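Please read the structure below before turning to the comments.
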Amino acid sequence: MSGRMREVELATNLARVEERIARACDAAGRKRTEVTLVVVTKTYPAEDVRLLAGLGVRHVAENRDQEAAAKAAACADLPLNWHFVGQLQTNKVRSVVAYADCVHSVDRPKLVSALSSAVVSAGRAPLKCLIQVALEKESGHGGDRGGVAPEGVRELADAVTAAEGLRLAGLMTVAPLTGAYAGSPGLAFARLMEISRSLRGVHPAANMVSAGMSADLEEAIAAGATHVRVGSAVLGVRPALG
Ligand SMILES: *Cc1c(COP(=O)(O)O)cnc(C)c1O
């Protein structure tokens, strides 16, 4: 596909997503400016990121460091904020803090200290951190996806607050595929908001709520999400290994 055709395709998809967000805000009695669209560009090339920036996108997200680092380098001249939303190994942290403005997937104390040291040694601006909440892990249930159980949020949040170079920005979740909230993203996001409210009682500045993807952004906006992470609805359906 030519660059021009791809640009038209992305513009069309983006307009559809923008329309969905606007309607959802309307329905919820929220201002459009209360919700930030973060476009998840994983598996798609840097050329697409460049086209999206030209179409006005300012926030992009990736879930694998190797891919993200290369794309961020190729797009360093663009006015973009990079969000890291994938499970993060401590040996990738140094690379991630070189390009990420915000990490959505903070889920364990070891990662907090690794991020803190990396930010300090890079001498960069504070890194925004969201605690990833795994609602399917509530009250001792399993699951090997990323995220901390709701009962672990407070302790991890305190650790981020105490860590040099990190700023506790809020919470993130992915609607669970298992457990009590499977198939009910609206209930999952409402639960996340409840956890967010209680967190803000202690850490008032931690007001970001990252929830909602292509399939459930309306439910997330209805619940109160401030950031929706949308991939396939903008870029197209990813090949299986996304
Ligand atoms: C891939 C991904 C998204 C976007 O998912 P879509 O269904 O393509 O919109 C959002 N959040 C995270 C953490 C992801 O890995």
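The values are calculated or read from the model by the stated rules, or taken from the named source; none is laboratory data. Since this is a predicted model, take the numbers as computed values, not measurements. When we count neighbours, we look across all protein chains shown, and the Cβ atoms used for this are built from the backbone with ideal geometry, even at glycine.
Name the single residue that is surrounded by the most Cβ atoms within 10 Å (Cβ to Cβ) among those in the range 22-63 being in a helix (DSSP H, G or I) and of a type in the set (Asp, Glu).
Taking the range 22-63 as the starting set, the residues that turn out to be in a helix (DSSP H, G or I) are 22-28, 32-34, 46-54.
Narrowing the set further to residues that are of a type in the set (Asp, Glu) leaves 26, 34, 47-48.
Numbers: ASP26: 12, GLU34: 12, GLU47: 14, ASP48: 22.
Checking each candidate, the answer is ASP48.
Here is a list: ARG58, ARG50, ARG30. Which entry is within 14 Å of the chain's Cα centre (by Cα) and either farther than 23 Å from SER105 by Cβ or more than 16 Å from the ligand (Cβ to nearest atom) (or both)?
Step by step, each of ARG58, ARG50, ARG30 is checked, and only ARG58 is within 14 Å of the chain's Cα centre (by Cα) and either farther than 23 Å from SER105 by Cβ or more than 16 Å from the ligand (Cβ to nearest atom) (or both).
Of the residues that sit in the range 64-104 and are assigned to a strand (DSSP E or B) and surrounded by 22 or more Cβ atoms within 10 Å (Cβ to Cβ), which one is farthest from the chain's Cα centre (by Cα)?
TRP82
Kindly list, by first and then second residue, each pair from a residue in the range 4-21 that is touching a residue at least 40 places away in the same chain (Cβ under 8 Å) to a residue that is surrounded by fewer than 16 Cβ atoms within 10 Å (Cβ to Cβ) and in a helix (DSSP H, G or I), limited to pairs with Cβ atoms under 8 Å and residues at least 6 apart or on different chains.
So the pair list comes out as ARG6/GLU47; GLU7/GLY54; ILE21/ARG32.
Only one of SER105, SER95, SER113 is of a type in the set (S, T, N, Q) and free of Cβ contacts under 8 Å to residues at least 40 places away in the same chain. Can you tell me which?
SER95
Matching residues to (1) within 16 Å of the ligand (Cβ to nearest atom); (2) under 25 Å from VAL57 (Cβ atoms); (3) in contact with a strand residue (DSSP E or B) (Cβ under 9 Å, 6 or more places away or on another chain); (4) modelled with pLDDT under 95:
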{"site": "ASP77", "(1), (2), (3), (4)": "no, yes, no, no"}
{"site": "VAL96", "(1), (2), (3), (4)": "yes, yes, yes, no"}
{"site": "VAL112", "(1), (2), (3), (4)": "no, no, yes, no"}
{"site": "PRO126", "(1), (2), (3), (4)": "no, yes, yes, no"}
{"site": "SER139", "(1), (2), (3), (4)": "no, no, no, yes"}
{"site": "PRO150", "(1), (2), (3), (4)": "no, no, yes, no"}
{"site": "THR161", "(1), (2), (3), (4)": "no, no, yes, no"}
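Quick one: is ALA118 within 15 Å of the ligand (Cβ to nearest atom), modelled with pLDDT of 95 or more and in a helix (DSSP H, G or I)?
Details: within 15 Å of the ligand (Cβ to nearest atom): no; modelled with pLDDT of 95 or more: yes; in a helix (DSSP H, G or I): yes.
For ALA118, the condition - within 15 Å of the ligand (Cβ to nearest atom), modelled with pLDDT of 95 or more and in a helix (DSSP H, G or I) - is not met.
What's the number of the condition ARG4 fails, among (1) in a loop (DSSP other than H, G, I, E, B); (2) modelled with pLDDT under 95?
(1)
Could you list, in sequence order, all residues of the range 186-215 that are aliphatic (A, V, I, L, M), part of a helix (DSSP H, G or I) and over 13 Å from GLY170 (Cβ atoms)?
Matches in the range 186-215: LEU187, ALA188, ALA190.
Pick from the range 216-240 the residues that are in contact (Cβ under 8 Å) with a residue 24 or more places away in the chain, on the phi < 0 side of the Ramachandran plot and in a loop (DSSP other than H, G, I, E, B): which of them is surrounded by the fewest Cβ atoms within 10 Å (Cβ to Cβ)?
Here the answer is PRO239.
For the range 9-17, state whether one or more residues are under 28 Å from GLN89 (Cα atoms), more than 16 Å from the ligand (Cβ to nearest atom) and in a helix (DSSP H, G or I).
Checked against the condition, which is being under 28 Å from GLN89 (Cα atoms), more than 16 Å from the ligand (Cβ to nearest atom) and in a helix (DSSP H, G or I), the range 9-17 yields no hits at all.
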